[in-house]
Structure formats: structure tokens, C-alpha cells
Amino acid sequence: NIEEYVTSGLSKKVTNILETIKLLAFSDPFPIEQDCIHLQNGVYHLPDGSFQETRLFCQNRLPVRYDPKAASPDRWLTFLHELLDDADIPTLQEYLGYCLIPSTKGQKMMLIVGKGGEGKSRIGLVLKRLMGDAASNGSVQKVENNRFARADLERRLLMIDDDMDMNALPKTNYIKTIVTAEAKLDLERKDVQSYQRDIYARFLCFGNGALTSLYDHSDGFFRRQLILTTKDKPTDRMDDPFLVEKMCAELEGILLWCLEGLHRLVQNNFRFTVSERAAANVDTIKRSSNNVIDFMESEGYFRFKADYSISSKEFYDIYKQWCEDNACHSVSAIRFSAELRQNDRRYNLESTNNIYLPGGCRVRGFVGIEPLVHPCP
């Protein structure tokens, strides 16, 4: 008992002893091992699928045993077939396998979107049991907007957002950086000097809508997302309150199922299997957050013609007319012109400062557009 030897300044002495122990026990950070998975009873080696029945010091150890003869996780598979379209299940299988290793080579985050009540967040609860402390619960919004939240991703393989905030992100730079994670990230903790660490956490988000951004409507933001939509909940379905426990009884089989997806992903150079439905989901979300795309594909308002030109103001007025006709909110004139300049090759347009109005005024505009309507000013 330390109190027998210390008569004053006890708390300070204890603090000093703890700091001394930390210094004596210091070691360099464990190397990031992308080719093996540490499990409760040994190490699974990804390159050849071999298993080493030896527990080694490691950064992340999953609290599940590897058993190559484990039974098929039938309850888990039945649940997935009831929840998702069959074509999307391989995508989920690959992504969950991807989350078992500390790698961001896939450069994707996954969103599972429904209308509510389907049971999609059960996936997150099972994964938390499968991965233990290697998975954490959090919020994508907090990771982007709270400078301290990003430190919670240190040494994590997965962050689960089981009720994603539907508010559009005011910025997306941290989310995009973490999803690709090609360099160390600056982390902050309260009352601690900021430091840099490798972050390899992946995001798995569940919600009733997609992740959108107020200002970032670039391909870079949307191409980082895998969006799966759930089937509608049957009106006569009786929910099983013990479903998670039943699926967790199959963890060893679920691990084998995830490893199968991981091997398929690695063999495909970390390119995910994406169904037509999943690809359409991303396109739909992209269009819903940026109606300029739909306007540029509309008919009757303008047409593409190489020898015609139009001022930015006149083209924006036509766009506002289209928005009014389609009950849409128009974006600002600055953003409208910026969207066109960013996609000028896609639409075969040329941005120019040499559009002349009647009277000789020179203004900005675009070459390659013939107006078909002339909205009243």
C-alpha cells in the first residue's frame, strides 16, 4: 500500500509513478499489418489463407475464433436476403471483409439506406460483436465537424454510424481524406498537443437517407460512397427481439463469410462488386443534390449547338425557368456557372468572356448553347 510510504503529495506521487511506468514501457507503434488478421486463437494470413495458431502482439485482435470447419451462418444469410437485394449482398460481403484489415485501398465508405424499421442496424450490432474494440460507434457528422472526434478513430478498423444525421455536411474534406487515407492525419485530443497518426478506419453508416453535402457536389465526394438500399419491410413481419443474439451465435461462420468476400476483393485489386442498382443509387443521390445535371439533360429549353453562344445570365434565367416548371429550388448563379465550367468537357461547352450583348457590352458566357426559350426578365 503506497500510503504506508508516502505521507504527503500522494496524488502527485502516483501520477509521477504512472508517467515513469509509461516511459519505461514505451515502444514504437506496432507496424500496420495489411496481410494478416489477428484472431482469438491465432493469426490468419491473407495471401495464402493459412492459419497460425500463435497469439502475437498486435494492434487489433478480433474476439472471435477462426474455425475453417464452422457451419454456414444460415440465420445471418437469411436475414441479409430478407433485407437486401440479392445483387447487393456480394458488395456487403466484400466491404465487411475489407473492414477486417487495416487498409484503405478500396477507398470507399458504405451507406445502407432504408425507410425505417427494416432492421438494417442489426448488421452493425453483429459487427461490433465480431470486431470488439476494433470497431467503434460514432457519427460521420462529428468526424467532419468536431476536431476531437477524429482521434477516436485511432487504432480502429471500423466506425459504425447506426443513425446517420440527415443534415447536409457543410464540408467534406476530412471524410474524403479518411476514406482514402494516403497520408497521416493530424489528430487532436483535449489538453494534448496535436499529433499525426495513420488512420485506417472505414465507415459503415445506416440511415433513412443518403449522405449529402451543402457545397461539395464533385465526383470525388460521390465516388467514395457505396450506397445499398433495403427492401421494404413486409407489413405482416413479426420482429424477433433475439435476432442479434441468434446471429452472434454464428460469428465463426460469419467470419468465414467475410473472409470469402475479402479474398474476392483482393483478387479484384480492391475494386468492389457494384450492382446496377447500387450504381443507380449513387447517381440518384448525386442528381437529387445537384439539379443542374437534370437541367442539362432536359429538352425544350435549349440545345447543344457548336456555333451558338449564350451569356451566363441568360442561361441562368433559362435554368430558373426550368426549376420553376419542375418545382425545384435553383442554385445560386455563381454555383450554376461553376458547375458548367467543371463539366465543360462532358457537355462540349467552352467558357468564355467574349459574349457580346446588343449595345456592345462584353459579358461572360458559354459557347455551344442555343436558347430555345426566352424567360421574361
Open item on the list: Return the residues of segment 110-125 that are out of contact with any Lys or Arg (no Cβ under 6 Å at 6 or more places or on another chain) and either closer than 30 Å to Gln34 by Cβ or β-branched (Val, Ile, Thr) (or both); say none if nothing qualifies.
Closed with: Met110, Leu111, Val113, Lys120, Ser121, Arg122, Ile123, Gly124, Leu125
Open item on the list: Which pairs turn up if I take residues in segment 206-218 that are over 20 Å from Val113 (Cα atoms) and look for partners that are among the β-branched types (Val, Ile, Thr) and crowded, with 20+ Cβ neighbours inside 10 Å with beta carbon separation below 6 Å, at least 6 apart in sequence or on another chain?
Closed with: Asp216/Thr172
- [ ] Working only within segment 154-185, note down all residues that are under 30 Å from Asp35 (Cα atoms) and loosely packed, with under 14 Cβ neighbours inside 10 Å.
- [x] Asn173, Glu182, Ala183, Lys184
Open item on the list: Taking the conditions exactly as written (assigned by TED's automatic domain parsing to the domain that holds Leu130 and exposed (fewer than 15 other Cβ atoms within 10 Å of the Cβ)), does Asp240 satisfy them or not?
Closed with: yes
TODO: Sort out which residues of segment 265-289 are touching a residue at least 60 places away in the same chain (Cβ under 8 Å), part of a helix (DSSP H, G or I) and within 16 Å of Met110 (Cβ to Cβ), and write them in order of number.
DONE: Leu265, Arg277, Ala278, Asn281, Val282, Ile285
- [ ] Search segment 10-29 for residues that are surrounded by 10 or more Cβ atoms within 10 Å (Cβ to Cβ) and pair each with any residue that is at pLDDT 90 or above when their beta-carbon atoms are under 8 Å apart and the residues are at least 6 apart or on different chains.
- [x] none
Open item on the list: Looking at the structure I just gave you, is Glu182 charged (D, E, K, R) and modelled with pLDDT of 95 or more?
Closed with: no
Open item on the list: Given the criteria farther than 30 Å from Gly209 by Cα, out of contact with any helix residue (DSSP H, G or I) (no Cβ under 6 Å at 6 or more places or on another chain), acidic (Asp, Glu) and modelled with pLDDT under 95, does Glu350 qualify?
Closed with: yes
TODO: Would you check if Val292 is over 17 Å from Met109 (Cβ atoms), among the β-branched types (Val, Ile, Thr), crowded, with 17+ Cβ neighbours inside 10 Å and at pLDDT below 95?
DONE: yes
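Report, by residue number, each residue of segment 240-284 that is of a type in the set (A, V, I, L, M) and under 18 Å from the mean Cα position of the chain (by Cα). It would help to see each step written out before you state the result.
Kept after step one, since they are of a type in the set (A, V, I, L, M), are these residues of segment 240-284: 243-244, 247, 249, 251, 254-256, 259, 262, 265-266, 274, 278-280, 282.
Those that are of a type in the set (A, V, I, L, M) and under 18 Å from the mean Cα position of the chain (by Cα): Leu262, Leu265, Val274, Ala278, Ala279, Ala280, Val282.
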Task: Exclusive hit being buried (at least 20 other Cβ atoms within 10 Å of the Cβ), of a type in the set (A, V, I, L, M) and touching a Lys or Arg at 6+ places or on another chain (Cβ under 6 Å), set Ala149, Ala135 - done: Ala135
TODO: Restricting attention to helices (runs of 4 or more DSSP H) lying wholly within segment 117-216, give those where 3 or more residues are touching a helix residue (DSSP H, G or I) at 6+ places or on another chain (Cβ under 6 Å) and more than 23 Å from Lys105 (Cβ to Cβ).
DONE: 122-131
Task: Top-ranked residue of segment 90-105 - restricted to ones that are out of contact with any strand residue (DSSP E or B) (no Cβ under 8 Å at 6 or more places or on another chain) and not in a helix (DSSP H, G or I), ranked as surrounded by the fewest Cβ atoms within 10 Å (Cβ to Cβ) - done: Lys105
TODO: Within segment 297-314, identify whether any single residue is closer than 23 Å to Ala210 by Cβ, assigned to a helix (DSSP H, G or I) and either under 33 Å from the mean Cα position of the chain (by Cα) or acidic (Asp, Glu) (or both), and answer yes or no.
DONE: no
- [ ] Look at Phe242 and say whether it is among the aromatic types (Phe, Trp, Tyr) and at pLDDT below 90.
- [x] no
Open item on the list: Based on this model, can you work out whether Leu18 counts as out of contact with any helix residue (DSSP H, G or I) (no Cβ under 7 Å at 6 or more places or on another chain), among the aliphatic types (A, V, I, L, M) and assigned to a helix (DSSP H, G or I)?
Closed with: yes
- [ ] Output the residue which, of all residues in segment 54-89 that are in contact with a Phe, Trp or Tyr (Cβ under 8 Å, 6 or more places away or on another chain) and assigned to a helix (DSSP H, G or I), is surrounded by the most Cβ atoms within 10 Å (Cβ to Cβ).
- [x] Trp76
Open item on the list: Of everything in segment 22-76, what is among the basic types (Lys, Arg) and out of contact with any strand residue (DSSP E or B) (no Cβ under 6 Å at 6 or more places or on another chain)? Give them in sequence order.
Closed with: Lys22, Arg55, Arg65, Lys69, Arg75
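The values are calculated or read from the model by the stated rules, or taken from the named source; none is laboratory data. All values derive from a computational prediction rather than experimental measurement. Glycine also receives a Cβ, built like all others from the backbone with ideal geometry; neighbour counts cover every protein chain displayed.
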